[in-house]
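Some notes on the structure that comes next.
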Amino acid sequence: MKINKGFRAGTLLFLLLLGFACGQHRDTALHAGFTTQGATLLDASGNPFVLRGINVPHAWHPVRSFDALKEIAGHNINCIRIVWESHLPVKELETIVKKCIQLHMIPMVELHDATGSPSDSTLQELTRYFTTDEAKALYRKYGSYLLVNIANEWGDNHTPGEYWRDAYKKSISMLRNAGYTSTLVIDAPGWGQNSTPVLQYGNELMEFDPAHNLLFSVHMYRSWNEEEKIRNDLEKAVEKALPVIVGEFGYNYQNGNNNLSCKVNPEAVMQVCHELNIGYLAWSWTGNNSENQWLDMVENTDWKTPTLWGKTVLNSPYGITKTAKTARIFNP
C-alpha cells in the first residue's frame, strides 16, 4: 500500500507524542509513590500492599544492620523500618535505602530523635530534615519505594490530642510544600501507644492533607495489654476508613515483669492484622540495649539466629513468613 509522506510524517509525530505522553504518565505515576484508598495502602503500581516487616537499628549499628539485610530478606520480610537520626548524613541513609530496594523490601525511614518529646518544636526540627536538598533528592530518586515516618513516637503520655493534631498539620504542610506527594506515616502520641487521637482526629488530618495520603501508626506495648483493645481499636480504624499500621509491638515477657510492663499477646496482634489487612512491623531485629534485649528477634552475637521472640514473629500461623507478600512494584 502506498502511503502519503505527509500523512506518514504526521502519523509518526502523533505516535511519538503519544509515546511521550504515555511515558510521562508512567513516570508521574511511578514517582507518585505510595497512596492510600480508604483504609488500604497502595504501592506505586496501584496495588494493595500489606506491611509485614521489622524495625532495624541502622542509626546505632550501621555496619551490622546493613550486613544483616540479606539475611532479613530471606525470611520473606517485605518492609524495613529504618531507625535513623537527624544528625546522620543523607548519603549514608541512601546506601541503606538502596540496599533494601535491591532486596525487594520497602524502606520506611523514621527519625528517632524526638521519641517521647512533648514539644512541637522537636517535631518540626525533624520535619525540616526531610526538607533539606539532600533529603529531597533522595526522595526524588527513590520515592516510588520509600515511606517517610516523620518522627518516632513524638508526643508523651500527657500530649493532648488537639496538640498532636495541630503539630502534625504543620509537618504535613512543610512536607507537601517541599514536594513530597507519597504516603506520610504518622505515629500516635503517648510514645506511639495512644490510639485515641488517631481515631478522633485521623480523618481531620487526612482532609487537611492536600494529598489525602496519610498512614497512621500505633505501637503496642503496655497500653495494649488487654487483648480486646487490639481488635476493638483496629476495627474502629477500619470502620472510619483510616489507614493504620502497627508500627511496633512487643510481647508478654516474664508476665509483664519487664521495663515496659508489656504483656501484649503478639499472636492476637498478628491475627487481627491479618484478618483486617493491616500492616505490622515488630520491634526489632536485634541490637537493643540491655534492658530491652528481650525484644531482640535474633541473637545479637550473630544477628541471624532467631530467639523465641523472633520465632514467634516469623513462624506463627499469622507471622511474617506465612503471610508476607512482596510489593507488586517490584514485579509489575
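Okay, here's what the table says:
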read-out: First in region 282-297 and free of Cβ contacts under 8 Å to residues at least 60 places away in the same chain and part of a loop (DSSP other than H, G, I, E, B), second anywhere and surrounded by 15 or more Cβ atoms within 10 Å (Cβ to Cβ) and among the hydroxyl-bearing types (Ser, Thr, Tyr), Cβ under 8 Å, 6 or more apart; value: Asp296/Ser284; Asp296/Thr286; Asp296/Thr307
read-out: Some residue of region 219-235 being closer than 16 Å to Trp154 by Cα and part of a strand (DSSP E or B); value: yes
read-out: Unique match (being surrounded by fewer than 20 Cβ atoms within 10 Å (Cβ to Cβ), in a helix (DSSP H, G or I) and touching a residue at least 24 places away in the same chain (Cβ under 8 Å)) among Tyr139, Tyr129, Tyr168, Tyr163; value: Tyr163
read-out: Pair list, Cβ under 6 Å, 6 or more apart: region 37-54 residue more than 22 Å from Lys240 (Cα to Cα), other residue part of a loop (DSSP other than H, G, I, E, B) and of a type in the set (Phe, Trp, Tyr); value: Ile54/Trp285
read-out: Test: residue in region 52-67 that is farther than 12 Å from Met108 by Cβ, touching a strand residue (DSSP E or B) at 6+ places or on another chain (Cβ under 8 Å), in the same structural domain as Cys100 (by TED's automatic domain parsing) and among the charged types (D, E, K, R); value: yes
read-out: Residue count, region 96-123 (criterion: surrounded by fewer than 18 Cβ atoms within 10 Å (Cβ to Cβ), part of a loop (DSSP other than H, G, I, E, B) and small (Gly, Ala, Ser)); value: 2
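The values are calculated or read from the model by the stated rules, or taken from the named source; none is laboratory data. These figures come from a predicted structure and were not determined experimentally. Counting neighbours? That spans all protein chains shown, and the Cβs are built from the backbone with ideal geometry, glycine included.
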